[in-house]
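Read-outs throughout are calculated quantities, based only on the coordinates presented, and are distinct from any laboratory measurement. No experiment lies behind these values; they were computed from the predicted model shown. Cβ sites come from the backbone with ideal geometry, for glycine too, and all protein chains shown count toward neighbours.
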Amino acid sequence: MRVAVVGAGPAGAFLAEGLLREETRRFEVDLIDRLATPWGLVRGGVAPDHARIKSIATRFESTAAHKRCRLLGNVEVGRDVSHEELLRWYHAVVYTTGCAADRRLGIPGEDLPGSVAATDFVSWYNGHPDHAAQAFDLSGERAVIVGNGNVALDCARMLLLDRDALAQTDIADHALAALSESAIRDVVLLGRRGPQQASFTNPELLELGLLDADVVVSPDELRVPLPLRNLSPSGTSIRNQKILRGYARTPPAGRERRLVFRFFASPVEILGDKRVTGVRVARNVLERDPNGRSLIARTTDAVDTLDASLVLRAVGYRGAPVDGLPCDARSGLLTNMGGRVTGTPRTYTAGWIKRGPSGVIGTNKRCANETAAVVVADAAGGSLASDCALDADAVLAALGERGARVVDHAGWLAIDAAERDAGAPAGRPRVKLTDANELLLVAEA
């Protein structure tokens, strides 16, 4: 049975692995991605200084090298092939396209130059071809990051790490040059609720202590407000609060750079005329919602202003709709039941576009395995029967007829080798190619 997996990120790679190891039925998998380079957020989302997390790509390479797996890079659904065509070409189609869009704050001034999505900033420093030409104003002394998750911490570290530390990573060269000249010395993280509700993971929060920067936390903001005292925090939350108390007890050492946590704080307006000059921040109080099971942050009249030249919103990701498939209007997620896309035959989903942008890479593995099991069950039940599925060569021929420049696994390995060779003289893991045309030329050489 031939399966198209659209999206060659972690969820797609794990799903392919799950299908390929199935013993009761033989599957062939085509991993399709709109970029010339695979592995999704492992390449374009994981922070450059997190090499250990990136090492999961070695496992994905083993999957891509499997004799019944094929990588079809630089193939975009909607441009090179439609969903309806994929359904005719394959027995099943699985979307693992992630959540690439950002959530907005919905406040005045949000569209001023200097106010940008953290997703854009992450893609820029990771060398995503769609964002390589983007520019960020790093000439001011303070940046404000709105959000209390790992993406916010990643952005803060990238702004505060010195050039020597950055130069040991696979950060894109254009970002290395710009951040090396950055004037930003003060980064403020705004969280609308308290430390108990922050979604940092423990290791991400703990490694801030390794920065050559003062980490500033107000002891007053770590005291548990009355509405929280009867709620049971998770183990992660308890450990986070312990780490934050450690930062709060450590007096500033007068370092050149500072990272400041501000909890119970919401931006209510981004200030500036032609570009960002500051942020108006309201103090929040937490209240129980009517059912008493969750907490709502309510802004108060206590407002102050932070001067800033850069504002990054890291308040979550949204899915991007797939033409012809049902999705939730608010979240952009594909409407599905246990991985089966609603009302669409032989169509499935896994990863963030299935369940939302949450969890770590291991979470995607569990999610992908659940969907793989559903595909296997439907195959066993006979609901994937199709007389018009194309063989592997016919798929390539059909894509070639419409001018698609497909990057196969050998093409990706050529890109990978070129990047590693470029990084070796400087002791770097790789120097990323960030121009889409250059990537294709290297793959086709």
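General observations
- Take 282-290, 302-310 and order them by the average number of nearby Cβ atoms within 10 Å per residue, most first; the result is 302-310, 282-290.
- The angle separating the long axis of helix 10-20 from the principal Cα axis of greatest extent in the chain is about 30 degrees.
- The angle between the Cα long axis of helix 235-249 and the main principal axis of the chain comes to about 40°, on a 0 to 90 degree scale.
- Bridge orientation summary for region 104-313: considering DSSP beta bridges with both residues in this region, about 45 percent are antiparallel.
- Ordering of 125-131, 34-40 by packing [mean C-beta count within 10 Å, highest first]: 34-40, 125-131
- Across region 104-313, C-alpha contacts under 8 Å between residues 6 or more apart give a mean separation that, scaled by the residue count, equals a relative contact order of 30 percent.
- DSSP beta bridges confined to the chain are antiparallel in about 40 percent of cases.
- Exposure proxy for LYS365, LYS67: other Cβ atoms within 10 Å of each Cβ, ordered fewest to most, give LYS67, LYS365.
- Relative contact order (percent, whole number), the chain, Cα cutoff 8 Å, 6+ residue spacing: 22
- 3J(HN,Hα) along region 250-256: 8, x, x, 9, x, 5, 5 Hz, from the Karplus curve 6.51 cos²θ - 1.76 cosθ + 1.60 with θ = phi - 60°, whole Hz, x for Gly and Pro.
- Derived scalar couplings between HN and Hα for region 328-333 equal 6, 5, 7, 8, x, 6 Hz in order, rounded to whole Hz, by the Karplus curve 6.51 cos²θ - 1.76 cosθ + 1.60 (θ = phi - 60°), x for Gly and Pro.
- Structure note, pairs LYS365/LYS432; LYS242/LYS274; LYS54/LYS242; LYS274/LYS354: Cα-Cα distances above 31 angstrom occur for LYS242/LYS274; LYS274/LYS354.
- Extension gain (nm, one decimal) between ALA398 and ARG288, 0.36 nm per residue minus Cα-Cα: 33.9 nm
- Compared with the dominant Cα axis of the chain, that is its longest principal axis, helix 361-381 is turned about 30°.
- A compact globular protein would have a Cα radius of gyration near 2.2 N^0.38 Å; the ratio found for region 397-445 is 1.33.
- Taking N as its residue count, the alpha carbon Rg of the chain over 2.2 N^0.38 Å: 1.04
- Exposure proxy shown here: for GLU444, GLU221, the number of other Cβ atoms within 10 Å sets the order, fewest to most, as GLU444, GLU221.
- Only one residue of ASN240, VAL29, ALA389 has its Cα farthest out toward the positive end of the dipole of the chain, where Lys and Arg carry +1 and Asp and Glu -1 on Cβ, and that residue is ASN240.
- Volume per residue of the convex hull around the Cα atoms, evaluated for region 104-313, comes out as 132 Å³.
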